[in-house]
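The values are calculated or read from the model by the stated rules, or taken from the named source; none is laboratory data. Given the structure is predicted, the values throughout are model-derived calculations rather than measurements. Backbone-built Cβ (ideal geometry, glycine too); neighbour counts: all protein chains shown. Areas reflect the complete protein model, heavy atoms only, side chains present, ligands, DNA and RNA absent. Shrake-Rupley method; radii C 1.70, N 1.55, O 1.52, S 1.80 Å.
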Amino acid sequence: MAITQTIGKVMIVHKGTYNSQVSYSRLDVVVYNGSSYVSKTDNNTSSPTDTSAWALLSYSPVKGVDYWTSQELADFVQKTNDETISNKFTFTTLPEANLDPTTNNQFTRKKYVDDNIANINGFLLNGTNPTKIKDFLTMMRAMLITEGEYGVEWDLFATNNSSSCTKLYDNVGLSITPGTDSTAEVNNYPKIFESIDCNYININGEDIITALKGMSNYGETPSEIQDVTIDGVTYTPDVGTVHFSRYEKYGINSSGKMEYSMSWVPRDGYTLIDLGKDKNGNFKPYFIIAKYVAGYDSNNKVRSAAGLDPACHLTGSSAGDENADHNMNYTNCITIFHTRGDYYSAALMSEYGFIMRDFWLKFATRNTQSIMAGNTSNNYQYAVATAETGVHRVVLTNAQAANIDLLSCVSVGDRGTATNNDRINKYLHNICKCARVIAKETVDTDHTALILDHANFNTTSTTYVSTMHERSGYSKFVRGRYGSPINNTNGKHGMVFNGIEIAVGGYEVAGNAILDIIDNTGKREVYVTNNATKLSGTVATIKDTYVKSFLSIQPTTLNAWNYITRYDYDLTNGLMVPTEAGQTGSGTSTGFADGLYVDSGTSGQRECLWLGGLNNGGNAGLSCLLANYGLSNGSWYILARLSTNGVRG
């Protein structure tokens, strides 16, 4: 027999800035000194600093770690007379000639700043002119770059199967300890390594930044982000992360070890990162990677914004539903993202490769899950223990509730007479999808309730709770640019890598490459294009217009996870793939410590699926690649990330 309980107020209520003259009720949320606090009791007149009466819900950004404030930007400009910044470097203009208006093909940082200080100050005062923002970021890179060389090296797998790397050159002594919701990140890397959050659009292949985080017109949720009108056309910005362009080298060094190194200035043997080139192949000072996995807003527009459920394939859905079916496979993504513009696509192979290499550089390990596991060991589904009416919670046994972390996300659905618990079924999400667990509450000696940030609903004896992908925006709970809410390594939370929310509980499909099956050994050749206007789902067109990389994928065993032992880098095409996997001694704690899965198909094509899903555990990670799905296959665990970087070729 179902038991109905009256539990009182369970929905959080935002009350704005804390007022000491107000008496607050239980679950009222206030803002105090930039952080959010939730009241634990009724008739609460205590200060939010009183931990017996208030619980910290989310932290304010950490100065110098989370983003540049307007004042920090202003202070930065005043450094133009600092001798260590202004006079230390002189560069030739190749390949950065577009930064220097002089005719002698040389410039100094000091001269560049002097020539542009009026525009920069105008930007700081007005803050709305995209051209001035571009000029400011160009100046920022010119002032922040160091003459250093930063690298890591590791033994070839046959020599030493350890996942560890050794830091080289100016990278020695630099380190990052990721943050959580309660512990601040520790990071001594120079400021130029840190990304900056922005709002941006793309017009005819050019990224236009409309706001930087810290400016009054910056937004993260769809309701906060301000549309912009240019030449009579209205555009909807996305949320991205700005990264400064670098020069790289990758390969076996003179010590017989594999080395990845980067520099902020041109050097012999280094190549400009593919993402740092514009439509014409010229140097550009920065590039943008979408901050969030793609979701759909209330206007059915795919975008990168906070507060959205990751778009995925659900059966039984229809357009316009909260849980509408968005099959984010390789082929569909071409059409889906082109609704935003010709140069929009799913994320490029070069973007995932950049994140991998940057991780190895900063954390000196290729076992990415040893630092941040992502939402990869979080596969739980339970029937609710108690039926209730008009609540914002689900009641589970104590043991079940203990498996589901605070700040993780769940779907709630009433499956009725159905018996299939595959998350692809819409009925498992028909009450709410990707709702966040904001609190836990003791019901009785045997049961605990998960309190969800969702409108009221009813539960029955056939209601089920399923752990799910992270809803976008969880980075606000992390104290820094690197980390995860609650715990970095328990596999129940998405990671934040330099401001990018990634490994959120689903694979991400690469939008610009396919794998072509060569023979019955599992060998796959890679076809890639870095021009989003050339994207195609037709194999003949792909082979005619894409570039076939010199790299290919080769597993040891078919229809099984092969643990990766070698990655190679096609710098010309911005492409990284695992070229060796499954050797003796490979596993979840050796080599790259992530899996490559290849099926036994002897012909046809496959899409590239990165990262891993909720139930992949040690197979998952930043270098994990699933290579057994056709170009039009999708599921609830296949997601996508918006990109505007496909402008070359």
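Quick notes
- Each Lys or Arg adds one and each Asp or Glu subtracts one; over the other residues with Cβ under 10 Å from the Cβ of His454, this totals +2.
- Across region 145-157, computed HN-Hα scalar couplings (Karplus, 6.51 cos²θ - 1.76 cosθ + 1.60, θ = phi - 60°) run 4, 10, 8, x, 10, 10, x, 9, 9, 8, 6, 4, 4 Hz from first to last residue, x flagging Gly and Pro.
- Alpha carbon centroid spacing (whole Å) that separates region 296-369 from region 163-193: 27
- Whole-number accessible area per residue in Å² for region 577-649, which is evaluated in the context of all protein chains at 1.4 Å: 24
- Per atom type, region 504-640 shows carbon and sulfur on 42% of its accessible surface, probed at 1.4 Å.
- Of Lys134/Lys279; Lys249/Lys279; Lys191/Lys301; Lys362/Lys492, pairs whose Cα-Cα distance is over 27 Å: Lys191/Lys301
- Phi-derived couplings, Karplus 6.51 cos²θ - 1.76 cosθ + 1.60 at θ = phi - 60°, listed residue by residue for region 231-236: 6, x, 10, 9, 10, 9 Hz, with x used for Gly and Pro.
- Of the accessible area of region 179-276, computed with a 1.4 Å probe over protein heavy atoms only, carbon and sulfur atoms account for 44 percent.
- For Trp154, the solvent-accessible surface computed with a 1.4 Å probe is close to 10 Å², ligands and nucleic acids excluded.
- Centre separation in Å (Cα based) which lies between region 219-293 and region 507-521: 24
- FRET efficiency, Tyr189 to Ser589 (Cβ-Cβ, R0 25 Å, nearest 0.05): 0.45
- Overall shape: rounded for region 547-636, with the ratio a/c of the largest to smallest alpha carbon gyration tensor axis below 1.5.
- With every protein chain in place, region 444-485: carbon and sulfur % of accessible area (1.4 Å): 45
- C-alpha center-to-center spacing [region 384-455, region 542-585] in angstrom: 40
- Shown are His447, His493, whose ranking by accessible area with a 1.4 Å probe and every protein chain present, most to least, is His447, His493.
- Calculated accessible area for region 149-305 comes out at 37 Å² per residue, all protein chains present (probe 1.4 Å; ligands, DNA, RNA ignored).
- Residues of region 211-249 with an amide N closer than 14 Å to a point placed 7 Å from the Cα of Ser298 along the Cα-to-Cβ direction: 221-225.
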